[in-house]
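In what follows, a structure is listed as structure tokens, so that the remarks can point back to it.
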Amino acid sequence: MTEHVSPASIAYVLSEPDGLSRDTLDPNDWTAFRFLARQMLEASIDKMQSASQGRVWTEPTPALKQSFEFAIPKQGRGGAATQAQIESLLPYGVGNAHPRFFGWVHGSGTPSNLIADIAAAAINANLGGRDHGAMYVEKQVVRWCRELFEFPETASGLVVSGTSIATLIALKAARDRQLQFASRKAGINGARLVGYTSTQTHSCVARAFDILGLGSDSLRSIAVNERFEIDTDALRVAIAADQAAGLQPFVIVGTTGTVNVGSIDDISTLADIAAKENLWLHVDGAFGAVGVLSERLKPRLTGLKRADSLAFDFHKWLHVNYDAGFVLIRSEEAHRKAFSERPDYLKGAQRGLAAGNPWPVEYGPELSRGFRSLKIWAQLSEHGTDKLGAMMTQNCEQAAYLAGLVQAQDTLQLLAPVATNICCFRYVAPDQSEQELDAFNNEIVIQLQLSGIAAPSTTVLLGVTAIRVNITNHRTHKSDLDILINAINEIASDLLRNC
Ligand SMILES: *Cc1c(COP(=O)(O)O)cnc(C)c1O
């Protein structure tokens with residue numbers, strides 16, 4: 001008679017040490033490991049506690065770069081040596097945690113996100129699907145996003161690395177819906193799909209057109225008005241012209257928070273046009289969409305709830321540590337139909353570990369996915385939407401304050417109205433040609449970055465090089481902007497004296 005094995009005795013058998021020593025990748029000495037890990041934790045907290053001090057950015061030294069140049073180790077170098085080298089990297093960040101980091105659009109992170117990342121690493125979950133605790137955190141993040149943007153309960157969403165991939169996912173759903181999803185097998189098959197966006201749109205939209213086989217030329221760049229918002233009359237004209245030429249318009253891409261100047265397209269009017277022409281309305285809200293949490297910005301974002309899809313980041317103005325973005329799609333059906341594949345080895349089940357349908361893998365290109373949603377959830381849980389929104393309002397006030405400083409000085413010229421949190425201006429040295437002014441302002445920005453005092457970036461507006469100050473930073477004070485202007489004036493004086 002075969003002996004009946006109860007589940008309890010299985011558990012007992014499995015946990016019984018067999019006395020054989022096996023080689024694993026676990027530490028041989030857990031006490032030593034704890035000691036090292038705590039050292040790293042202390043160093044990391046020190047780094048975050050001093051985020052407002054010292055230089056903004058420090059150029060990586062030749063020694064640092066060389067220290068990483070060695071052959072892939074055949075014999076491991078051990079935990080202590082590896083950790084020492086990791087620690088050597090800590091001073092050489094982008095600088096985005098510093099209150100005078102003003103370049104591009106970077107969030108400034110929070111110390112508490114460190115905790116979520118530690119736990120996420122310990123759980124080491126794969127969120128492609130299946131039934132485990134992390135999935136319930138992610139599902140709640142999706143629910144919160146729907147609520148935040150007043151999307152219907154049927155809308156679907158996916159946590160991704162950032163707005164670039166979120167845009168790709170949304171535009172694939174738009175493309176496939178337009179082609180009745182036949183494009184999944186047949187490709188675009190000669191369809192002449194065209195889309196519309198403004199000249200101020202981020203390059204990730206054209207790149208998505210490229211990746212999706214539509215070609216970036218199929219994305220029409222529509223002019224902007226004096227506030228750098230898409231010219232909706234010009235948009236109507238362009239759509240009509242393409243229709244008359246026998247092309248198939250399928251999508252409009254609006255932006256809430258353009259990358260150059262932070263302007264917000266008139267999403268309500270775009271939604272009207274999309275409804276009339278039966279087009280998909282996608283919104284790139286990379287940093288600006290979460291402005292719905294700010295009393296100051298919310299009234300300008302009411303059109304968002306009419307979008308078919310929205311791409312945005314948690315790692316920018318919500319300061320979740322890199323990386324964390326999101327795509328929200330009104331039609332769960334279109335979203336799923338554009339991505340769902342369930343081969344035999346990924347079949348779901350009603351019970352057991354393969355339960356928990358639908359799985360995230362049905363809503364995007366990735367199967368294996370990390371637990372990004374934990375740090376998103378933790379940020380919202382700890383700080384709450386009121387405080388996070390107030391931080392954004394403060395940044396908008398600071399950008400307006402900076403514009404005031406610029407306008408108060410003859411040698412500075414404001415190059416775009418301050419729409420939200422970005423201020424673009426230049427230093428106008430006397431008797432310089434436009435070309436010389438471009439070079440002069442580029443040099444000012446490089447010297448600012450090298451000095452460690454502040455780190456704005458540059459852009460080009462209406463053909464003119466601008467010093468671009470983006471403030472998505474909960475550590476910035478108005479005094480940091482005074483320091484910035486003083487430093488610009490000093491550098492400019494030095495340059496003029498020496499030329
Ligand atoms: C940053 C940004 C993007 C790209 O987002 P990633 O998260 O870097 O992929 C797209 N659009 C705008 C307006 C942005 O500011």
Fill in: Order of C145, C499, C396 under a 10 Å beta carbon neighbour criterion, fewest first
C499, C396, C145
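For the chain, what relative contact order do you get, as a whole percent, if you take Cα pairs closer than 8 Å and at least 6 residues apart? Can you show the working numbers first?
On the way: 842 pairs, mean separation 101.9, N = 499.
Computed over the chain, the figure is 20 percent.
Once a ≥ b ≥ c are taken as the square roots of the eigenvalues of the Cα gyration tensor of the chain, is the result rounded (a/c under 1.5), prolate (a/b larger than b/c) or oblate (a/b not larger than b/c)? Present the calculation step by step, with values, prior to reporting the outcome.
On the way: a/c = 2.11, a/b = 1.19, b/c = 1.77.
Cα axes put the chain in the oblate bin.
Counting alpha carbon pairs within less than 8 Å and at least 6 residues apart, what relative contact order, in whole percent, applies to segment 387-498? Write out the running numbers ahead of the final one.
Values: 144 pairs, mean separation 30.5, N = 112.
Averaging sequence separation for qualifying contacts and normalising by length gives 27 percent for segment 387-498.
For A354 and N225 in one chain, what is 0.36 nm times their gap in residues minus the Cα-Cα distance, to one decimal in nm? Write down the numbers at each step before the final one.
Values: separation 129, 0.36 × 129 = 46.44 nm, distance 5.24 nm.
Going from the current span to full extension adds 41.2 nm.
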Item to complete: Please give, to one decimal in nm, the separation of the simple spin-label points placed at A71 and M48, each 7 Å out from Cα toward the Cβ.
Response: 4.0 nm
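Would you order I467, I329 from fewest to most other beta-carbon atoms within 10 Å of each residue's own beta-carbon? All intermediate terms of the calculation are to be shown ahead of the outcome.
Numbers: I467 24, I329 28.
If I rank by nearby Cβ atoms, fewest first, I get I467, I329.
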Worksheet item: Taking neighbour counts of Cβ atoms within 10 Å as a proxy for exposure, in what order, fewest first, do Y92, Y345, Y363 appear?
Response: Y345, Y92, Y363
Response to the item:
In terms of the alpha carbon gyration tensor, root eigenvalues a ≥ b ≥ c, rounded if a/c is under 1.5 and otherwise prolate when a/b exceeds b/c or oblate, segment 369-499 is prolate
Discussion item. Could you tell me the center-to-center distance, by alpha carbons, between segment 361-397 and segment 132-205 in angstrom?
Written reply: 18 Å
Practice prompt. Check cross-link reach from K139 to the lysines: straight Cα distance under 28 Å, and skip same-chain residues fewer than eight apart.
Written response: K172, K298, K305, K316, K337, K347, K375, K387
Fill in: the chain - mean residue ellipticity at 222 nm from DSSP helices (-39,500 (n - 2.57) per run, n ≥ 4, rounded to 500)
-13500 deg cm²/dmol
Worksheet entry | Separation of the Q140 and F33 label points, Cα + 7 Å toward Cβ, nm | 2.9 nm
Discussion item. Below 22 Å, Cα to Cα, which lysines can K65 reach? Residues fewer than 8 away in the same chain don't count.
Written reply: K47, K74
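We did not get these values from a lab; they are worked out from the coordinates using the rules stated. What you see is a predicted model, and the numbers here were worked out from it, not measured in a lab. Cβ sites come from the backbone with ideal geometry, for glycine too, and all protein chains shown count toward neighbours.
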